[in-house]
Structures are given as C-alpha cells and as structure tokens.
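**Q** Below: one structure in structure tokens.
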Amino acid sequence: MESGTSMSAPHVTGIAALIKQKFPHFTPAAIASALSTTASLSDRKGEHIMAQRTVLNPDISQSPATPFDMGSGFVNATAALDPGLIFDIGKYFLEPPMFILFYLEHMKKEINH
Amino acid sequence: MAANVGYNEYMKFLCGINGSSPVVLNYTGESCSSYNSSLAASDLNLPSVTIAKLVGTRAVLRWVTNIATTATNETYIVGWMAPDSVSVKVSPAKFTIGNGQTRVLSLVFRAMKNVSMASFGRIGLFGDRGHVVNIPVAVIYKIAV
C-alpha cells in the first residue's frame, strides 16, 4: 500500500463514516477520538512504525516514528468502532474551510518568522 | 453523552495561540477580547497531550466518557511511560465507569531536567472488558524548577 496523506485521507474518512453510522450522536471530536485512541503503534510485521528522515535514500534514513511523525499511529477500523472511552469536545465544531484557512494563515506566519 | 466543551472552547483554543487574534477576527468575525479567557493549547480535551514548554509542574485535565454499547461497567487501569526528563502521574490510576458516564483524569507532568529537545511518552487506559485507550504525550522544552 502507498503511504502519505493522499492515501490515508480516504481510508480514514471511510472509517469515520462507519463510526458515524454506528454512533449517529457522535460529535466530530468523538469520531476523531475513537480513531486516535484505538490506533496501532506497530506495522503489519509487528514492528515499530518508521519515519523517513530525508528525501534522498529514504530506506536508509528511517528511524522510529514519534507522535510528531505518525500522530496516534495506524488507524484500526475494527478497534475504532468499539473505542470504549472517548474524549469529546462538544457538539459544535469549526467548519472545515475556516479551520484550514486559519491553519494556512498561522503556518504562513510561522514560516515568515 | 457529556458535551463538556464546545464552540466556546474551540474559540478559546484559537485565541490562546500567541498572536492569533487578528486572524481569528478575520475568519470568524469574532473578537478574542469578547472571550473572557483563552485556553492553553494543552487544555483542549483531545486524546493526546502536547506541552510546548514545561516549566516545573503542570496539571492537565482530560474528560473521558464511556460509550461502550455491550457492557454497563468497565474498570480501567491507567499505565504510562513518561517522556525523557519528565515525570508523569495520572490520577485516579484505576477507575470504574458506567455506560454513559464521564470521568475526569488529572495528568500531572513535572520537568526533571533542563532539556530543549522534544521527548515523547504515552498514557494507556486498559479496561477489564478489553478496551485499550492510547494517548500520546509530547513535551518539548523542559525547565526544571
């Protein structure tokens, strides 16, 4: 399987939809919580998730991924549908376009500094 | 289900980012000064904890809600792996929670050394009915007091 945001976004979106189907009252924060708290920290071989550190020689520049690389880990659909506990953030949420715009603005500022 | 923080908390979170008020006003039409307080980034009720600068000791609260559909009660044991140069204490370290109930956990972090490189840890909630809840922890600057 390919890696990267473009590959993961549709998978995670699909699993988010399954969670919403099972728990229609879940807020976006509750869905995100279910996805995150149940994520796996190891890959299919049972080994630590690795992060690529350089563009050149990606295979030899890997080291164990930190949460800054991998977030909570690899999504686990079965576990995410039965999370047990959730961390919730109310029933209101930021409209995605606003959130993205805010982030872009913030990042621009960070880069300029 | 408890909705402990909502729109206001997201606004306070955004307003809590240093220098964000003009941007918040631009995109929301709301002024940060109309919110009485701002929220430190670590205090949004996320299933993770990031502390950019840990000076001495810092307590962070997290609310968890039991949404399990099969069981009524579940007893969780809390385990953790502290980030380098940080001590961690979670209380309660063991709790029983009924379906639909919410519990607050207090996570206390203490800087043990002065280190500026990020270090990472983990908090795990292990239920006796098989649920495992994983929370990554990241602490960047550590300043021991």
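**Q** Let me see the pair-distance distribution of the protein assembly as shown: every alpha carbon pair, 5 Å bin width, integer percents in order.
**A** Reading upward from the zero bin: 1, 6, 11, 15, 18, 18, 16, 10, 4, 1, 0.
**Q** Now a separate question. Using a Debye calculation, one point per C-alpha and no hydration shell, please list log10 I(q)/I(0) for segment B:47-143 at q = 0.11 Å⁻¹ in order.
**A** The Debye formula, applied to the Cα set alone, gives -0.34.
**Q** Only helical DSSP H runs with n ≥ 4 go in: add -39500 (n - 2.57) per run for chain B, normalise by residue count and round the 222 nm mean residue ellipticity to 500 deg cm²/dmol.
**A** -3000 deg cm²/dmol
**Q** While we're on this one: Quantify how strongly other chains surround peptide B:6-16 by giving the mean number of their Cβ atoms within 10 Å of each of its Cβ atoms.
**A** Taking all residues of B:6-16 together, the mean is 3.
**Q** Report the number of Lys pairs in chain B whose alpha-carbons are under 20 Å apart, with separation of 8 or more residues or on distinct chains.
**A** 7
**Q** Shielding of A:77-83 by partners, i.e. mean partner chain Cβ atoms within 10 Å per residue?
**A** That average works out to 3.
**Q** Could you tell me, in Å, what Rg and Dmax come out for the Cα atoms of segment B:103-145?
**A** Rg and Dmax of segment B:103-145, Cα atoms, are 13.7, 41 Å.
**Q** Turning to a different aspect of this structure: Could you work out the mean count of beta carbons from other protein chains within 10 Å of each residue's beta carbon in A:22-34?
**A** Per residue, the average neighbour count from other chains is 3.
**Q** Would you mind listing how long segment A:18-96 runs along its three principal axes, going by Cα atoms, in whole Å with the largest first?
**A** So the three principal-axis extents are 46, 28, 17 Å.
**Q** Give the separation of the Cα centroids, segment B:71-117 to segment A:55-90, in Å.
**A** Centre-to-centre distance over Cα atoms comes out at 20 Å.
Laboratory data are not the source of any read-out in this text; all were calculated from the coordinates shown. What you are looking at is a predicted structure, and each value in this text was computed from that prediction instead of being measured. Please note: Cβ atoms are built from the backbone with ideal geometry, for glycine as well, and neighbour counts cover all protein chains shown.
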